[in-house]
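This report refers to the structure that appears directly beneath it.
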Amino acid sequence: MSLYLGIDTSNYRTSAAVFDSEKATWKNSGRLLDVPEGSIGLRQSDALFQHVVHLPERIAQLPDGEFMAVAASTRPRAVDGSYMPCFLAGEGTARSFAHLSGIPFYAVSHQQGHLAAAALSANALELLRQPFLAWHLSGGTTELLLVEPDEDEIIRARAIGGTNDLAAGQIIDRAGKLLNVPFPAGAQLEVLANACTQPEKAFRPKVKDGVFSLSGVQNKVEQLVQKGAAPEVIARYTIETIQNAVVTATEQLRKKYPLPVLCAGGVMSNRMIQQTMQQAFGAKFAQPELSGDNAVGVAVLAAIRNGEQL
C-alpha cells in the first residue's frame with residue numbers, strides 16, 4: 001500500500017484522511033466544529049481551540065500503516081496574504097508527524113484540497129493535468145476559478161469570477177438563521193426547498209464579466225420573511241437566486257474560457273444546483289461527503305506532490 005495522510009482544519013470542520021494511491025481508496029474522519037445555537041460562525045480563536053481538542057480523535061479513527069508523505073492545508077487559498085489561524089492546528093500536527101516519521105511534508109491550500117477532492121470523487125483526476133474552470137462555493141468563498149497545472153503546486157487557481165461581497169454560504173446561513181435552522185443551514189434549507197410546491201420567482205442578480213453581488217439577495221430574503229412567506233418558499237427562493245447568479249456567471253466566462261467545469265465546496269452539494277449545472281455545462285461534482293471541508297483532497301495532493309501518477 002502507498003498511504004498518504006491529509007489534514008484540514010478549516011473554520012468549520014476538523015478533518016483527517018488517509019488516501020491509498022494504489023487502490024485509489026480513502027478513509028475520511030471529520031467533524032463539524034461546535035457552533036453556539038443561534039450563531040452563524042466562530043471566532044478564529046475558538047475554532048483553533050476546538051481543532052486542537054478534536055484533531056487527535058480524528059486521526060485516531062484512521063487506519064494504521066506506513067505513510068509515504070503527509071500534507072496539510074495551511075491557508076485558505078494559494079495566494080499572497082491568504083491566512084487564517086485555524087489552519088495552524090493541522091499544519092503543526094502534520095509537520096510533527098512528518099518529522100518523527102522521516103517522511104516529506106507538503107503544504108497545500110484549503111481551496112486546492114477542495115478541488116482535488118472533487119476531481120477524485122467525480123472520477124476525473126485527469127482534470128488536474130489540464131486547464132479547467134472550477135466553482136468553489138462554501139461558507140466563506142464564492143469564486144469561479146481558472147485552474148491550470150503547476151509544476152510546483154500541481155494546480156494553480158486564479159479567481160476570474162464570483163461574488164464581490166457576500167459568499168453563497170453566508171446567504172444560506174443567514175436565511176437559515178431567519179428560519180431558525182441550525183448552523184450550517186445548507187442541508188436543511190435544501191430539504192425545505194424540495195418541499196416547495198408554489199415557489200416565488202427567484203431574484204436574478206446582475207452579473208457582469210462573471211462577477212456579481214449577493215448582498216441584495218439577503219434584502220430580498222428578509223422582505224419575504226417580513227411578508228410571512230412559508231419557510232419552504234424562502235428556502236427555495238434563496239437557493240434558486242444563488243443558482244441564477246452561478247449559472248449566468250458560468251455562461252459568461254465559458255465564452256472566453258471554453259473549458260470543462262468542476263464544482264467544489266459545501267454549497268455545491270445542493271442537488272438542485274448540481275442538476276442545473278450538469279444539464280447546462282456537463283459539470284462534474286464531488287460526492288456529498290466530499291463536497292464540504294475535508295482532508296481527502298489534501299491527502300491526494302500529498303500523493304501527487306510525492307510523485308505518484310494518479
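The values are calculated or read from the model by the stated rules, or taken from the named source; none is laboratory data. Everything quoted here is computed from the prediction, not taken from an experiment. Cβ sites come from the backbone with ideal geometry, for glycine too, and all protein chains shown count toward neighbours. All accessible areas refer to the heavy atoms of the entire protein, side chains included, with ligands and DNA or RNA removed. Shrake-Rupley method; radii C 1.70, N 1.55, O 1.52, S 1.80 Å.
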The one condition in (1) in contact (Cβ under 8 Å) with a residue 60 or more places away in the chain; (2) surrounded by fewer than 19 Cβ atoms within 10 Å (Cβ to Cβ) that residue 46 fails to fulfil: (1)
- request: Can you give me the number of residues within the stretch 98-146 that are of a type in the set (D, E, K, R) and either open to solvent by less than 20 Å² (accessible area, probe 1.4 Å) or not in a strand (DSSP E or B) (or both)?
  value: 2
query: Quick one: would you say residue 89 is outside any helix (DSSP H, G or I) and either of a type in the set (S, T, N, Q) or within 22 Å of residue 153 (Cα to Cα) (or both)?
result: no
- request: Return yes when residue 63 is out of contact with any helix residue (DSSP H, G or I) (no Cβ under 9 Å at 6 or more places or on another chain) and open to solvent by less than 70 Å² (accessible area, probe 1.4 Å) and no when it is not.
  value: yes
The stretch 250-259, residues that are in contact with an Asp or Glu (Cβ under 9 Å, 6 or more places away or on another chain) and buried (at least 20 other Cβ atoms within 10 Å of the Cβ): 253
task: Inspect the stretch 270-280 for any residue being over 20 Å from residue 206 (Cβ atoms), of a type outside the set (A, V, I, L, M) and crowded, with 18+ Cβ neighbours inside 10 Å and give the result as yes or no.
output: yes
query: How many of the residues in the stretch 204-230 are in contact (Cβ under 8 Å) with a residue 40 or more places away in the chain and open to solvent by less than 60 Å² (accessible area, probe 1.4 Å)?
result: 12
- line: Going through the stretch 31-68 in order, the residues found to be under 23 Å from residue 183 (Cα atoms) and in a loop (DSSP other than H, G, I, E, B) are 33, 34, 35, 36, 37, 38, 39, 40, 41, 42, 43
- request: Mind listing whichever residues of the stretch 184-221 are touching a Phe, Trp or Tyr at 6+ places or on another chain (Cβ under 7 Å) and of a type in the set (Asp, Glu)?
  value: 200
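With respect to residue 82, determine if the residue is farther than 15 Å from residue 294 by Cα and either polar (S, T, N, Q) or part of a loop (DSSP other than H, G, I, E, B) (or both).
Judged against the criteria, residue 82 is a match.
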